[in-house]
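First up is the structure itself, then whatever we jot down about it.
The values are calculated or read from the model by the stated rules, or taken from the named source; none is laboratory data. The model shown is predicted, which means the values in this text are computed figures rather than measured ones. Neighbour counts are summed over all protein chains in view; Cβ atoms, including those assigned to glycine, are modelled from backbone coordinates with ideal geometry.
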Amino acid sequence: MKYLREIIIALSVALIVIMTATNTPAKDVVSVRKNVINLTQQEKLDFVNAIKELKTRPGTNNKNVSIYDEFVGIHMGAMSFTTMHLGGLVTLPQDTPPTGLASGIDAAHENGGFLPWHREYLNRLEKALQSVNPKVTIPYWDWADPRSVDVIFDPDFLGSNGSGDFVDLPNGEKLEGGRVVSGNFSEANGWSLIPELHFKIDTAETLGTSLIRYLPPQSAPGVLGFPLDKEQTDRILQSKDYKTFQLFVEGQIIVDVNGVEQRCEREPCNHNLIHALLDGNIQNPIGPGPALRSTLNNVPASPNDPVFWLLHANVDRLWAEWQNNGRQGSKFYAIPGTELYGHNLKDKIWPWDGGDSIPGSVGSIDIRPYLPVIAPDDIVRPKDTLSLRKYGYTYDTLVKYSFKTFH
């Protein structure tokens, strides 16, 4: 039965690809986001080339800022609406406060809109990638699969670990990391970051122009590392309601085998843990305060690391699977009126809010020159993001559900 299921899924993916290639309507399904371990060498190359091409194309607002950098600016802007981050452990310096309805609230994190915001955000990046190569989709990183790390951090794919710096581990070993100096996303290969868009979240000091990573060992005794706990990841899909799911997958709570909820106080969990693990921050990442060494763990600037997109595609995949288990539609979103502004079902989501809110600065850095031009009538609300059918993509784990669209 196991092999029959794999054959059915493979044939489903092939059918979708054929129908897309021949312009035969597959109703709602247009493209399939795949597990990174199942990408062909050509698909890896196409994804890398499309990402790097967006880094060279002039943006819509400032010709000195690339389209890719505008996506980084959006993420920074979303987090600049509040100064409190990482569960209140980090205060973002801010010379100029935000204005508008979203003021005081992270537009993209730690509330119900975490999932809708990132679904819309990833979709827009994917559409930009497809303007370079229509075959490209964002692959996902199944963080519970031990095979993923070697694929993702292959120098010929998303680049290598950093080097030149060492972190002491609790088991007595040393972890090497630092600036990425080789592979597709090193400065030597053209991946140079804008210093104002690459900074430490707690001080707003620049991290420079090179990508920074501290990749932990896999399953090393006495330290946290990859892969994440599969049983816990499976329990995410058993979440009783949307709010539990959002908090669990984002990494604010865990739910044990008995259904008991606990705050992630000793260390980050799930999505948040992946950010921390790329920081060499693996002994007690919360404790007295995060080390904040890496690009990915300095969260406003984290899309500078292309790994960001794979991490969030997995978050979106898990949400899509949870929805497909009989939880589709607005009644399976957060209870109306219980979220902060921008996170309720019918609230406008910044930056697709018609200009209702203006982000603050990061330290003395004005975010606005790094943002894309967004039309006043380009409005998105959480209720607009709840169905993958609207977006025209699915995941390879959901292909088995897609036969019903072929009528």
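A few notes on this one:
- Residue match in segment 151-172 (condition: under 17 Å from ASN314 (Cα atoms), part of a loop (DSSP other than H, G, I, E, B) and touching a Ser or Thr at 6+ places or on another chain (Cβ under 8 Å)): yes
- Residue list for segment 125-135, restricted to those being surrounded by 15 or more Cβ atoms within 10 Å (Cβ to Cβ) and assigned to a helix (DSSP H, G or I): LEU125, GLU126, ALA128, LEU129, GLN130, VAL132
- Here LEU247 passes the criteria (1) in contact (Cβ under 8 Å) with a residue 24 or more places away in the chain; (2) within 27 Å of TYR214 (Cβ to Cβ); (3) hydrophobic (A, V, I, L, M, F, W, C) except the one numbered (1).
- In segment 173-190, the residues that are under 17 Å from GLU53 (Cβ atoms) and without any contact (Cβ under 8 Å) to a residue 60 or more places away in the chain form no Cβ pair under 6 Å with any partner that is of a type in the set (S, T, N, Q) and buried (at least 18 other Cβ atoms within 10 Å of the Cβ), whether six or more places apart or across chains.
- Complete set of residues in segment 208-247 that are within 30 Å of GLN94 (Cβ to Cβ), at pLDDT 95 or above and buried (at least 22 other Cβ atoms within 10 Å of the Cβ): LEU211, ILE212, ARG213, GLN246, LEU247
- Segment 380-395 residues that are basic (Lys, Arg), paired with ones that are modelled with pLDDT under 95 (beta carbon under 9 Å, 6 or more apart): ARG389/LYS27; ARG389/ASP28; ARG389/VAL29; ARG389/THR405; LYS390/ASP28
- Residue within segment 45-62 that is part of a helix (DSSP H, G or I) and at pLDDT below 95 present: no
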